[in-house]
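Encoded as C-alpha cells, the structure appears first; notes follow it.
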Amino acid sequence: MAKTFTLYSYYRSSCSARVRIAAHLKGIDLKYSFIHLLKDDQNSEQYGQVNPSHSVPTLIVSEDGAEDVVIRQSIAILEYLEEIAGESNPLLPKDPGDRAKVRELVNIVSCDIQPVTNLRVIRRIKTGGFDVGEWQKHFMTSGLLAYEKLASKYSGKLSVGDSVTMADVVLAPAIDNAIRFDAFDQDRMPTIKKIVVEYNKVDAFKAGSWRSQADTPDEFRT
Ligand SMILES: N[C@@H](CCC(=O)N[C@@H](CS)C(=O)NCC(=O)O)C(=O)O
C-alpha cells in the first residue's frame, strides 16, 4: 500500500508553505489537517501531543494505515522529502559547496528571520506596548539584506544557480510575509526581486502559496 502524507498546516504559515511548495515540486500528494493559529488550535492539549512545540507544520507519514514517521520541524521535513524523493526536482545541488550555499540561505530565513517574527514571539512582546510592526520589519529587512548579499554572488536565475533549491522554497513564503509587513525593499534587494519573478513561472509556488489553500479565506484568494 502507498504511503499517505498528512500535513498539519495553516494557510498563512510560512513554515507550512515551505513544505507545501516542496511537496508540489516533488509530486507528493499531501492530505491536510488544518490548525488555525489565530484561533489557538496549536495550543490545544491534543495538538501538543502531536507537536510539543505547538507549531505548524507537522508531517505524518503513514503506511498501511499505521503511523510510520512524524516530523515536527519544517526544515527536517524538507530534508526528509529530499531524501525520499531526491530525484524529482532535486532541492539540493550535487556539489557540497553549492549545498552549503543553499543551507546558508535556508538558515538566514529559518533561523534569523522567522523565529523572531513568529506569532508567539509577537504575542509576548505585544504585552509591553511594543511597536510590533517596526520589530517585524526590522528583522525581516536585516535578514533579507543578508540574503541579498549572498544571493547576489550565488544566484543565476534562482537563489543558487538556475534551478529551484530549498533556499527558494524557504524564501518565497518569507517574501510574502515581508510584503505584508512592508519589509521587501525592492530597490535594496534587486537580486531577490529578480529571483521572485522566476517563482511566478513555477506552478508549485502558486499551488503552495498562502492564497490558494483549502483553508484560505475567500477574501485572500487570487
Ligand atoms: N522551527 C519551526 C518553526 C515553526 C513555527 O514557528 N511555525 C509557526 C507558523 S510559521 C507557528 O506555528 N506559530 C504558532 C505560534 O507562534 O503560536 C519550523 O521550522 O517548523
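Structure values in brief
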| quantity | calculated |
| --- | --- |
| Label zone at L38, where the point sits 7 Å out along the Cα-to-Cβ direction: the range 111-136 residues whose backbone N lies under 19 Å | 117-127, 132-134, 136 |
| DSSP beta bridges in the chain [antiparallel fraction, %, rounded to 5] | 65 |
| Quotient of C-alpha Rg and 2.2 N^0.38 Å, computed over the range 88-189 | 1.15 |
| Label-to-label distance, nm, for residues given as S142 and I122 (7 Å Cα→Cβ offset) | 1.9 |
| DSSP-assigned coil residues among GluC sites (Glu not before Pro) in the range 1-89, each with at most 15 further Cβ atoms within 10 Å | E87 |
| Coarse-grained scattering of the chain at q = 0.10, 0.17, 0.18 Å⁻¹, given as base-10 log I(q)/I(0) from a Debye sum over alpha-carbon atoms | -0.44, -1.29, -1.43 |
| Proximal charge balance of K153 [Cβ under 13 Å; K/R count +1, D/E count -1] | -1 |
| Sulfur and carbon atoms: percent of accessible area, the chain [1.4 Å] | 50 |
| Over the range 27-138 - Rg/Rh using Cα atoms and the Kirkwood inverse-distance radius | 1.03 |
| For the range 169-222, alpha-carbon Rg relative to the globular expectation (2.2 N^0.38 Å, N residues) | 1.18 |
| Three-way shape label, the range 1-44, alpha-carbon gyration tensor, a/c 1.5 | oblate |
| Surrounding net charge for R123, when Lys and Arg each add one and Asp and Glu each subtract one, Cβ distance under 14 Å | +3 |
| Å² of accessible area per residue within the chain, as computed with a 1.4 Å probe and no ligands counted | 51 |
| Computed [θ] at 222 nm, deg cm²/dmol, the chain (DSSP H ≥ 4; -39,500 (n - 2.57); rounded to nearest 500) | -14500 deg cm²/dmol |
| Residues of the range 135-170 with amide N under 18 Å of a point placed 7 Å along Cα→Cβ from D185 | 135-152 |
| Peptides ranked, highest mean first, by Cβ atoms within 10 Å: ranges 102-110, 141-149 | 102-110, 141-149 |
| Proximal lysines relative to K31, as straight alpha-carbon distance under 22 Å, when same-chain residues fewer than 8 apart are discounted | K3, K39, K206 |
| Positive-end residue of A207, G156, P217, charge dipole of the range 101-222 with Cβ unit charges | G156 |
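The values are calculated or read from the model by the stated rules, or taken from the named source; none is laboratory data. Nothing here was measured: the structure is a model prediction, and the numbers come from that model. Glycine also receives a Cβ, built like all others from the backbone with ideal geometry; neighbour counts cover every protein chain displayed. Ligands, DNA and RNA are stripped out before the accessible areas are found, and what is left, the full protein with its side chains, is counted by its heavy atoms. Shrake-Rupley method; radii C 1.70, N 1.55, O 1.52, S 1.80 Å.
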